[in-house]
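J.: Before I ask anything, here is the structure I am working with.
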Amino acid sequence: MVKMTRRRLMAASGAAAGISLFAIGKAHAAEFSYKLATNLAGDHPLNMRAKEAADRIRKASNGQLDIQLFPNNQLGSDTDVLSQLRSGAVELFTLSGLILSTLVPVASINGIGFAFPDYPAVWKAMDGELGAFIRAAIAKSGITAMEHIWDNGFRHISSSTKAIVTPADLEGFKIRVPVSPLWTSMFKALGASPISINVSEMYSALQTKIAEGQENPLAVIWTMRVFEVQKYISLTGHMWDGYWMLANTKAWQALPDDLRALATKELNASALDQRADLEKLNTGLRKDLEAKGIEFKTVDKEPFREKLRQAGFFNEWKQKYGDEAWSVLEKFTGKIA
């Protein structure tokens, strides 16, 4: 097992290192050769742990199941790869539930603004009834989601133009958001001008000032080198986001029972390892980002919540998800709206 540390993450930085780190060779043709696509840089903990899982699966199956890892949008944008997953051109894909919501609307419910106060509340919900509710909805679309969701982290707002400290600072602010209705809705409710851009195009959008800012967990800001084109990070923690390990259901069911059980076990085990990695990294990376010139701002979250309440954001999304889904969410978060 690879011990994940902040130093290890930093040492792994760089595209060339990332690509070579995840090149998976095949000594002989496997009975089942599956592609696993991710949208994260090669040195992100998710890819490191996914490679570990693929290695364990290959070894335990005596080469029968070979999962080849393609990090950093190598197989296309999130939208493209989701289509490939549905068609079977890609067998496995890690994707945020908030982006998956373009296909499975309820998959974004964990991203409701300021819903979860901390990690214990997140894992109790996502490993429990809320996660099961979402996975059942995903299954109806011909996609299988593994039991344990991988961590992306609590998201924070960065900016190249001004510090975001109060909701008023977001008025007219051009912020890059992923291609997801929930993100667009939330930042519009906060008074910003959200621009939906796939993660593969985010850096260039910030570099060319198409967007003034973006929002992501610290590990993504670090591994995608967003700090090079931003000046401030406001610790809003405005939503928690995770990556479902998704499989094309037909391809998944095509595996013999023993191989499917093996792959499920190892992928879920690596998800738990990655969660621990990321929680530590998102804490430790603040010092590294400050060393790169980033100025951090602490914010009072309540004025942002109140702005969303006044804009009708919570009630709107309660109606969209339905009473049953919202009731399950509030079992773990307490009353939101």
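J.: Under 11 Å from the Cβ of Lys250, count the other residues' Cβ atoms, weight Lys and Arg +1, Asp and Glu -1, and hand me the total.
T.: 0
J.: Counting other beta carbons within 10 Å of each Cβ, put Lys335, Lys174, Lys209 in order, fewest first.
T.: Details: Lys335 6, Lys174 17, Lys209 11.
Listed from fewest to most nearby Cβ atoms, that is Lys335, Lys209, Lys174.
J.: Additional query: List the lysines whose alpha-carbon lies under 16 Å from that of Lys307, not counting same-chain residues fewer than 8 positions away?
T.: Partners found: Lys188.
J.: Let me ask another. Where the centroid of each part is defined by its Cα atoms, how far is the stretch 308-335 from the stretch 155-231 in Å?
T.: One Cα centre to the other: 24 Å.
J.: Please list, ordered by chain and number, the residues whose modelled amide H lies under 5 Å from the amide H of Phe296; skip anything fewer than 5 residues away on the same chain.
T.: Ile233
J.: Nothing charged except the Cβ atoms of Lys and Arg (+1) and of Asp and Glu (-1): what's the magnitude of the dipole of the chain about its Cα centre? Round to the nearest 20 debye.
T.: Using only the charged Cβ atoms, the result is roughly 380 debye.
J.: Of Gln207, Ser87, Val220, which is farthest on the positive side of the dipole of the chain, counting Cα position, with +1 on Lys and Arg Cβ, -1 on Asp and Glu Cβ, and the Cα centre as origin?
T.: So the residue we want is Gln207.
J.: Order the peptides 84-91, 303-310, 32-39 from the highest to the lowest mean number of other Cβ atoms within 10 Å of their residues.
T.: 32-39, 84-91, 303-310
J.: Same structure again: Among DSSP bridges having both ends in the chain, what percentage is antiparallel? Round to the nearest 5.
T.: Numbers: 19 of 37 bridges.
Percent antiparallel among DSSP bridges in the chain is about 50.
J.: Need the full-extension length gain, Val165 to Lys265, defined as separation in residues times 0.36 nm minus the C-alpha distance. One decimal, nm.
T.: My answer for the length gained is 31.7 nm.
J.: Can you list residues from other chains, or at least 5 along the same chain, whose modelled amide H is less than 5 Å from the amide H of Ala192?
T.: Correct list: Gly172.
J.: Show me, for the stretch 94-106, the HN-Hα J-couplings you get by feeding each phi into the Karplus relation (A = 6.51, B = -1.76, C = 1.60, θ = phi - 60°), rounded to Hz, glycine and proline as x.
T.: In residue order, the calculated couplings are 9, 9, 4, x, 5, 7, 4, 5, 5, 10, 10, x, 6 Hz.
J.: Let me ask you something else. Quick check: from the Cα gyration tensor, does the stretch 231-337 come out rounded (a/c under 1.5), prolate or oblate?
T.: Oblate, because a/c is 1.5 or more while a/b does not exceed b/c.
J.: Another question about this same structure. For the stretch 112-156, just say rounded, prolate or oblate: build the C-alpha gyration tensor, square-root its eigenvalues into a ≥ b ≥ c, call rounded for a/c under 1.5, and beyond that prolate if a/b exceeds b/c, oblate if not.
T.: The shape class here is prolate.
J.: Next question, about the same structure. Running a GNM on the chain with Cα contacts under 10 Å, which residue among Glu147, Glu228, Glu324 ends up with the highest mean-square fluctuation?
T.: Highest fluctuation among the options: Glu324.
J.: Using the Karplus equation 6.51 cos²θ - 1.76 cosθ + 1.60 (θ = phi - 60°), what ³J(HN,Hα) coupling, rounded to whole Hz, does each residue of the stretch 168-177 give in order, writing x for Gly and Pro?
T.: Going residue by residue, I get 4, 5, 8, 4, x, 5, 7, 10, 6, 10 Hz, with x marking Gly and Pro.
J.: Given labels modelled 7 Å from the Cα in the Cβ direction, how far is it in nm from Thr184 to Asp258?
T.: 4.9 nm
J.: Below 8 Å between Cα atoms, with a sequence gap of 6+, how large is the relative contact order for the chain in percent?
T.: Normalised by residue count, the contact order of the chain is 24 percent.
J.: Would you calculate, for the chain, the mean residue ellipticity at 222 nm contributed by helices, counting each DSSP H stretch of 4 or more residues as -39,500 (n - 2.57) and dividing by all residues, to the nearest 500?
T.: It comes out at -13500 deg cm²/dmol, rounded to the nearest 500.
J.: Given a cut-off of under 8 Å on Cα pairs at least six residues apart, what relative contact order in percent is computed for the stretch 143-248?
T.: After rounding, I find 49 percent.
J.: By how many nm would the segment from Gln207 to Asp118 grow when fully extended, if each residue of separation counts as 0.36 nm and the alpha-carbon distance is taken off?
T.: My answer for the length gained is 28.8 nm.
J.: Right, here's the next one. Could you give the length gained on full extension between Glu324 and Ile195, defined as 0.36 nm per residue of separation minus the Cα-Cα distance, in nm?
T.: 43.4 nm
Laboratory data are not the source of any read-out in this text; all were calculated from the coordinates shown. The structure displayed is predicted, hence computed values, not measured ones. Using ideal geometry, Cβ is built from the backbone for each residue, glycine included, and neighbour counts are taken over all protein chains shown.
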